[in-house]
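Notes follow once the structure below has been shown.
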Amino acid sequence: MSVDAACHDLALANRILAHEGVVDAFGHVSLRHPDRPGHFLLSRSVSPDQVVPEDIMCFGPDGQAADGDARAPYLERFIHAAIYEARPDVAAVVHSHAHDLIPFGVTGTEVRPLLHVAGPLGRVPVWDIADRFGETSLLVTNMVQGRDLAERLGAGRAVLMRGHGGVVVGDGLRAAVIMAVYLQVNAGLDLKARQLGPVRYLSDGEVALSFDAILAEGPARRAWEYFKRKVETHT
Ligand SMILES: [Zn+2]
């Protein structure tokens, strides 16, 4: 994939996540650089619904802007840098403040897949920045904090951040975006289902079999095209 094509897709991913309500004024999505090892692409500091390809910047493994790009970056770019450092299998990272995730990060109640298309998320741990860093703004503002978050993510697809939001990763941009959307959908459904009675979640076996329901090539392409068309119709 060319850098231009990557920037185009990343700008679209920003607008999809905004349109689906996963990100609002805050939150961001990045993509591992197609050519430069250890580098990644991420917008300058602007609301995701406004991102165009020209806003995309290149960042090095330390989370600092490459090539002397002096535009204002996102404060929390270290989330992305630390995860790319820790997870060679990850090609895209979504960080959101999705509202329906927040209750699960502050109550000790685990968010678990109850919806088949959220199945690949599996068990989602919670990272509490206060455990190691005490009282902070709750923002991830350096590599030490980013690495601590990446450690909590472990080998998983998602991690919640107490009182803040969450992170979803994927082996490609489509996978990260689709799972970020369905993590939020699943959390919203869980909040509703709990009002009706005990919730039956996907079993470990169903989780293991759920990948093909959404992340196989066919359904992932179909979902991406659906979300893309919604954005294009809207704009
Ligand atoms: Zn944040």
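The values are calculated or read from the model by the stated rules, or taken from the named source; none is laboratory data. Predicted model, so just to flag it, every value in this text is computed and none were measured. Neighbour counts run over all protein chains shown; Cβ positions are idealised from the backbone, glycine included. Surface areas here come from the heavy atoms of the whole protein model, side chains and all, with no ligands, DNA or RNA. Shrake-Rupley method; radii C 1.70, N 1.55, O 1.52, S 1.80 Å.
Structural remarks
- Index of the failed condition, ILE79 passing every other in (1) away from the ligand (no atom under 16 Å from the Cβ); (2) in contact with a helix residue (DSSP H, G or I) (Cβ under 8 Å, 6 or more places away or on another chain); (3) part of a helix (DSSP H, G or I): (1)
- Members of region 1-25 found to be within 16 Å of the ligand (Cβ to nearest atom) and surrounded by fewer than 15 Cβ atoms within 10 Å (Cβ to Cβ), listed by number: ALA25
- Residue check for ALA176: buried (at least 18 other Cβ atoms within 10 Å of the Cβ) and closer than 27 Å to TRP224 by Cβ: yes
- Output for region 200-235, where each listed residue is among the charged types (D, E, K, R) and not in a loop (DSSP other than H, G, I, E, B): ASP204, GLU206, ASP212, GLU217, ARG221, ARG222, GLU225, LYS228, ARG229, LYS230, GLU232
- In region 13-32, the qualifying residues are those that are without any contact (Cβ under 8 Å) to a residue 60 or more places away in the chain and not in a loop (DSSP other than H, G, I, E, B), and the one that is farthest from VAL94 (Cα to Cα) is ALA18.
- One residue stands out in region 26-41 among those that are within 13 Å of the ligand (Cβ to nearest atom) and farther than 18 Å from ASP171 by Cβ: the one that is most open to solvent (accessible area, probe 1.4 Å), namely PHE26.
- Test: ALA72 is touching an Asp or Glu at 6+ places or on another chain (Cβ under 7 Å) and modelled with pLDDT of 95 or more: no
- Selection count where residues are surrounded by fewer than 20 Cβ atoms within 10 Å (Cβ to Cβ) and either part of a strand (DSSP E or B) or away from the ligand (no atom under 11 Å from the Cβ) (or both), scope region 127-169: 19
- Members of region 46-65 that are surrounded by fewer than 16 Cβ atoms within 10 Å (Cβ to Cβ) and either among the hydrophobic types (A, V, I, L, M, F, W, C) or in contact with a Pro (Cβ under 7 Å, 6 or more places away or on another chain) (or both): VAL52
- Residues that are in a loop (DSSP other than H, G, I, E, B) and open to solvent by 50 Å² or more (accessible area, probe 1.4 Å), drawn from region 100-115: THR107, GLY108, GLU110, ARG112
- Close pairs (6 angstrom Cβ cut-off, 6 or more residues apart or separate chains): farther than 20 Å from THR141 by Cβ in region 33-53, open to solvent by 80 Å² or more (accessible area, probe 1.4 Å) and in a helix (DSSP H, G or I) anywhere: PRO53/HIS8
- The residue list LEU202, LEU189, LEU196 contains one member that is over 28 Å from ARG77 (Cβ atoms), away from the ligand (no atom under 16 Å from the Cβ) and open to solvent by 80 Å² or more (accessible area, probe 1.4 Å), which is LEU196.
- The residues in region 170-199 that are of a type outside the set (Val, Ile, Thr) and outside any helix (DSSP H, G or I) can be counted, and the count is 5.
- One residue stands out in region 66-76 among those that are within 14 Å of the ligand (Cβ to nearest atom) and open to solvent by 40 Å² or more (accessible area, probe 1.4 Å): the one that is nearest to LEU12 (Cα to Cα), namely PRO73.
- Verdict on PRO88 being in a loop (DSSP other than H, G, I, E, B), more than 15 Å from the ligand (Cβ to nearest atom), at pLDDT 95 or above and touching a Gly at 6+ places or on another chain (Cβ under 6 Å): no
- Matching entry among ARG229, ARG221, ARG200, ARG174 (being farther than 26 Å from ASP49 by Cβ and modelled with pLDDT of 95 or more): ARG200
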